[in-house]
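One structure below.
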Amino acid sequence: MNSVVHVVTTSAENTANPANPAQNKDLELGKPDDTIDYMQRAQWLRASVLGANDGLVSVASLMIGVGAASSTVKAMLVSGLAGLIAGACSMAIGEFVSVYAQYDIERTMIEKGNEDDGDENKEPLANPWLAAGASALSFSIGGLLPLLAGAFIKAWGVRLGVVCAVTSLGLAVFGAIGALLGGAKPYKGALRVLIGGWLAMLVTYGILKFFSAFLHVNLSSSG
């Protein structure tokens, strides 16, 4: 019994021993800090990887939807470009407002003295400007993939197929990256995002195809 107590006491003393920098460094690499690392990743992970996924799905779905009512390259490119610009602005504004609300909450908690982690953690974690910029940039990068994929293909069927293929590949890659950075299995993240993107493109194409036939809409002009 005495030996057990001695071991426990010695471990506690070694843990708190400031004269052992190597051991203190090991403690910095322990599980609590790993958890904090994932928490710090959450903000930019959501704003960047998920923003790219949104760009892919939104722009590709818009192009495919317009492609259901028009066989011209110009109509698809203009609609895709409009969706990219509008989506990037919308993502930036939405992310800024959302993260700024989080920033206000954190600042209020600090001012009320509810933070007990020391002076080094007094600054709020949320950064609205960084989140807005990352969201807009990532949305634009994701949206450029289907836009560029269909820019130089005149054949309507081939153009739609290439846009769908490039979008599917991008969704799988971004989904896997998001899962890896979030500590999850990459194939699950890739499959989840891929199925969601397929559904979005299919629904958009089906609805636009129905309304173009029902309302006799034909955007097929020259070009």
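The values are calculated or read from the model by the stated rules, or taken from the named source; none is laboratory data. Every value quoted in this text rests on a predicted model; they were computed, and no experiment measured them. Because the Cβ atoms are built from the backbone with ideal geometry, glycine has one as well, and the counts that use them run over all protein chains shown. Each accessible area value is taken on the protein alone, full model and side chains, heavy atoms only, with ligands, DNA and RNA left out. Shrake-Rupley method; radii C 1.70, N 1.55, O 1.52, S 1.80 Å.
TRP156 meets the stated requirement of being in contact with a Ser or Thr (Cβ under 7 Å, 6 or more places away or on another chain), modelled with pLDDT of 85 or more and more than 15 Å from ALA52 (Cβ to Cβ). For segment 167-192, a residue qualifies if it is touching a residue at least 60 places away in the same chain (Cβ under 8 Å) and surrounded by fewer than 21 Cβ atoms within 10 Å (Cβ to Cβ), and the qualifying residues are ILE177, LEU181, GLY182, GLY183.
Within segment 55-71, residues that are closer than 15 Å to VAL162 by Cβ and in contact (Cβ under 8 Å) with a residue 12 or more places away in the chain sit with their Cβ atoms under 8 Å from residues that are of a type in the set (D, E, K, R) and open to solvent by less than 10 Å² (accessible area, probe 1.4 Å), at 6+ positions apart or across chains, in these pairs: GLY67/ARG159. Of the helices (runs of 4 or more DSSP H) lying entirely inside segment 3-114, the ones with 3 or more residues being modelled with pLDDT of 55 or more and crowded, with 19+ Cβ neighbours inside 10 Å are found at 31-69, 73-111. Here is the figure for segment 194-223: residues that are touching a helix residue (DSSP H, G or I) at 6+ places or on another chain (Cβ under 6 Å) and modelled with pLDDT of 90 or more total 6.
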